[in-house]
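The values are calculated or read from the model by the stated rules, or taken from the named source; none is laboratory data. Not measured: the values here are computed from a predicted model. Cβ atoms come from the backbone with ideal geometry, glycine included; neighbour counts cover every protein chain shown.
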Amino acid sequence: MPSSRLSRDGREDARLVRECREGDDRAFEALVRRYQDQVFGVAYRMVSDREEAMDIAQETFIKAYQGLHSFDARLPFRAWLLKIGTNSSIDHLRRRNRSREVRSDGYLSSGEWVAGPSNAGAPFDPPGPASEIPENVSVANETAEVVRGALDGLPEKYKAVMVLYHMEGLSYSEIGRVMGIPRNTAKTWGLRARSLLCEALEGVM
Amino acid sequence: MLLRRHVQECDECGGYLKRMSAVVEALAGLEGVEAPDEFAGAVMSRLSALASGAGEPAGERRMRHGLVWLAAAGLGLAMAVALAAVRRGPGREAHDKLAGAGTA
């Protein structure tokens, strides 16, 4: 994509990237300030922990700074940055899941008890029924709470599509670029993810 | 039209549509998350630390320093050997010449 086809924001990003490559660190700081909420937001929605999200988001910008020489400035900087952030979040979740693998006796590798043997290896674990949710919250809040909980139980790639599409407002084409997959695959993962979230609501509505 | 009527009449499909709408609404309604105020400063500090080498893991920094010292020691030893050879070389030549002249 020639730089003339970039949006106004994209051209401004390209200018900041060029200045940064010429050694102006203030230009990189401007890029950080410009995208910190999006990168932090994606990381937080992916890992559901502020401290971990802070680490992932900072690492994302550091990797971007170190990789600026290989970045093609004719392409959108935002998509490239979100690609680094999304991949870092997915890697983090995979490492976390590996370290929390439940043994057949229901204990974590760390020794903490979490579940009976029947739950070991379950790929998707929607939250409990409506009766477990406090009665004094509204139906909409209940639904949002259940969906948020179910989102945490989705496979990482589905979760990433949900976060990028619904929370960051990216199109499926942009998600495809960010995740390195065809647009139609991104769309299919989105449909599958929403279907899994619907299953989680079966006991509620 | 047919689809709309079916959804109104079929409990299963109607329920699914209701749940799907609730999911989309709930996802869209999740509040935005902003980075902490100190975020940009923290990133720039980490980059400065990396540039000055302070951000390297201690093990890597020790190894790098060790290699620098090893290289310096090797260079010093090579210079000492070269210097000794230079000093020794002409002295012996001169000695041999003198010895040759004495016998001639």
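Go through the residues of region B:55-64 one by one and say whether even a single one is outside any helix (DSSP H, G or I), surrounded by 10 or more Cβ atoms within 10 Å (Cβ to Cβ) and at pLDDT 85 or above.
Within region B:55-64 (the criterion being outside any helix (DSSP H, G or I), surrounded by 10 or more Cβ atoms within 10 Å (Cβ to Cβ) and at pLDDT 85 or above), the answer is no, since none of the residues qualifies.
Which one is surrounded by the most Cβ atoms within 10 Å (Cβ to Cβ), of the residues in region A:40-92 that are of a type in the set (Ser, Thr, Tyr) and without any contact (Cβ under 8 Å) to a residue 24 or more places away in the chain?
Top of the filtered list is A:TYR44.
Got a number for residues in region B:26-43 being of a type outside the set (D, E, K, R), over 17 Å from A:GLN38 (Cβ atoms) and under 26 Å from the mean Cα position of the chain (by Cα)?
Qualifying residue count for the region: 1.
Within region B:9-17, is even one residue facing another protein chain (nearest Cβ under 10 Å), out of contact with any His (no Cβ under 7 Å at 6 or more places or on another chain) and charged (D, E, K, R)? Give the steps one after another, and end with the answer.
Filtering region B:9-17 down to residues facing another protein chain (nearest Cβ under 10 Å) leaves B:15-17.
Filter once more, keeping what is out of contact with any His (no Cβ under 7 Å at 6 or more places or on another chain): B:15-17.
Within this subset, residues satisfying the condition of being charged (D, E, K, R) are none.
No, because not a single residue in region B:9-17 is facing another protein chain (nearest Cβ under 10 Å), out of contact with any His (no Cβ under 7 Å at 6 or more places or on another chain) and charged (D, E, K, R).
Please pick out the residue among A:ALA186, A:ALA200 that is modelled with pLDDT of 90 or more and surrounded by 15 or more Cβ atoms within 10 Å (Cβ to Cβ).
Numbers: A:ALA200 fails: modelled with pLDDT of 90 or more.
A:ALA186 is the lone residue from the list that is modelled with pLDDT of 90 or more and surrounded by 15 or more Cβ atoms within 10 Å (Cβ to Cβ).
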